[in-house]
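The values are calculated or read from the model by the stated rules, or taken from the named source; none is laboratory data. Predicted model, so just to flag it, every value in this text is computed and none were measured. Glycine gets a Cβ as well: all are built from the backbone with ideal geometry, and neighbour counts include every protein chain shown.
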């Protein structure tokens, strides 16, 4: 299905404006290419820069909030009297709601206008950030986190679609590269920023500031978006499958909720019954999606994509990566603060070596290693991260409250190197064999799978962590939390060894000019320049 795009210029665009001096101006027929003219008026110069900053500011807030809560969990537990299960849901509710809403959010943008849905999602995200910061009890904080995730699901797909509108084909790769780098850096810096804000105790707000800081930045982004971000819609409106979304949500909730709650309740029979029912609902959902696709209708989830070996293997690899990352950050934070008695700031800053190593190696992986060794960069990354996790387990074995911060640095650097080698190139290999016309569906499914895996990782591995913790009751915190964290690290090693094996099923080399991590179509492929928004039609997002 061909998707055309129309765009309207920012409010202050004038026929005589030519801020860049390159001949591209609003209200004139001087466009960079005839394709740009067909797709509407493109913002340039200062207008485009401000619009880009608005989009990036919104994305940064969302990405930070994916992990920013981790480091403040012990503080939140003490302040609100939260249980271990509620702490898990404070982390898992956000990615679960985000994943469930991604595809629907993208289709709403295609139907109602991407700028409009972006602003509504950004306003909702800002409001729910305030609700999280003002939550008087754990239950309301979990609920606000879930609603914050739904708002993000409306907001984030429009960012990538708007980038496609705002940039000419030859400029788009650079813009997408900036976005990808920002995504990786923001996610791993979340715990560091959370620690600094919590420890600073601005205005006596303590942990609440990690959410309330979004409010002024959200308002600023809304004001900039209203004035500068161009509007665009899909000429052919996609179908909104409300029933499919509902069935998928019910099935996933029926599996994940009792899985998270079961340990605290002693695993009663109804927990297993609910999970079994959830599996049945998900199987029914999958059957309906297959039937819809065979009948020529557009499914919510194009399961036929898993028939492409590279996409299936990449999706499994992505799920393992997100499951490992989510569980690792959660358990490490609790271990360092509750087990070793570290301050919030000290526990947050220990993540800096991991973040720096990840940032450097992510760029190295894409620019140097992928062209030279292909998919082996993913295998190398998995093995290096596994080695880092093993080294960290050895460090934890001999650690106590007197252990220096520096003792953890070698293991964290090695882990960050491995994570960086994996996180940046994984999408390129996964989407390499996907036809251009299915790039949007593939990208949306790829991103959604990662988010759901993150929520599942928190539920499953988090429950294992707390179960081992209860089995090692001791008056010395490090003797309780240390073994629990070691078990998590050993599980992480196992997952990464599986990832290294699965990576062998990916294409040996990445295509030149191929799909980006977000699933943007190749510019040299048929339809690449003619349909710049087609790749976002079905829900591209941050993986």
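What to note about this one:
- Residue in the stretch 72-81 that is modelled with pLDDT of 90 or more and not in a helix (DSSP H, G or I) present: yes
- Residue within the stretch 127-135 that is farther than 21 Å from residue 446 by Cβ, in a helix (DSSP H, G or I) and under 16 Å from the mean Cα position of the chain (by Cα) present: no
- Meets criteria (part of a helix (DSSP H, G or I), surrounded by fewer than 24 Cβ atoms within 10 Å (Cβ to Cβ) and assigned by TED's automatic domain parsing to the domain that holds residue 205) for residue 63: yes
- Options 464, 490, 392: the member that is buried (at least 22 other Cβ atoms within 10 Å of the Cβ), under 23 Å from residue 334 (Cα atoms) and at pLDDT 85 or above: 392
- Being part of a helix (DSSP H, G or I) and either buried (at least 19 other Cβ atoms within 10 Å of the Cβ) or modelled with pLDDT under 50 (or both) is a property that holds for residue 47.
- Checked against the criteria, residue 386 does not count as outside the structural domain of residue 76 (by TED's automatic domain parsing), closer than 26 Å to residue 196 by Cα and assigned to a helix (DSSP H, G or I).
- Inside the stretch 335-345, residues that are over 19 Å from residue 495 (Cβ atoms), in a helix (DSSP H, G or I) and modelled with pLDDT of 85 or more make up a count of 4.
- Restricting attention to the stretch 223-255, the residues that are modelled with pLDDT of 80 or more and surrounded by 21 or more Cβ atoms within 10 Å (Cβ to Cβ) add up to 5.
- Residue in the stretch 333-340 that is touching a helix residue (DSSP H, G or I) at 6+ places or on another chain (Cβ under 6 Å), over 24 Å from residue 72 (Cβ atoms) and crowded, with 17+ Cβ neighbours inside 10 Å present: no
Each row is one residue, and each column tells you yes or no for (1) under 25 Å from the mean Cα position of the chain (by Cα); (2) without any contact (Cβ under 8 Å) to a residue 40 or more places away in the chain.
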{"residue": "281", "(1), (2)": "no, yes"}
{"residue": "293", "(1), (2)": "no, yes"}
{"residue": "303", "(1), (2)": "yes, yes"}
{"residue": "307", "(1), (2)": "yes, yes"}
{"residue": "314", "(1), (2)": "yes, no"}
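- Pairs, first surrounded by fewer than 17 Cβ atoms within 10 Å (Cβ to Cβ) in the stretch 193-205, second part of a helix (DSSP H, G or I) and at pLDDT 80 or above, C-beta under 6 Å, six or more apart: 202/209
- When 102, 147 are screened for being surrounded by 24 or more Cβ atoms within 10 Å (Cβ to Cβ), in a helix (DSSP H, G or I) and touching a residue at least 40 places away in the same chain (Cβ under 8 Å), only 102 passes.
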